[in-house]
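Laboratory data are not the source of any read-out in this text; all were calculated from the coordinates shown. Just so you know, these numbers come straight off a predicted model, no measurement behind them. Quick reminder, even Gly has a Cβ in these numbers, built from the backbone with ideal geometry, and neighbours come from all protein chains shown.
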Amino acid sequence: MGVVQSDAAIVADQSQLAGPNRDAVLTTAQWLVIGVSEGQLRGPGFVRLHHGVYTPASNPALDTLGLQARAAVVAVGGKAAVGGLTA
């Protein structure tokens, strides 16, 4: 599974998960590639959005429909699109 460049690039340096980088939505595999452990993903610093899809707990868009739609697209490997009111 490849890393989604747009989100993975903004969190390549794990120390930058605050500020503008806190809105990444990645799969477990993608987080592992950039150095985040499974233990960290299960900890208080991350929120599970879908099975195998996480975002930092500091993400300002938590609990929004837009973030859930984005996470759903990530969950299916980018082979989906959202439309209508969801988009």
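For Ala57, the residues 5 or more places off, or on other chains, whose built amide H falls under 5 Å of its own are Phe46, Val47. The residues packed around Pro60, meaning those with a beta-carbon under 10 Å from its beta-carbon, carry a net charge of 0 if Lys and Arg are +1 and Asp and Glu are -1. Between Leu65 and Glu38, the simple spin-label model (points 7 angstrom out along Cα→Cβ) gives 3.6 nm.
Put simply, when 36-49, 64-77 are sorted by average Cβ atoms within 10 angstrom per residue, most first, you get 64-77, 36-49.
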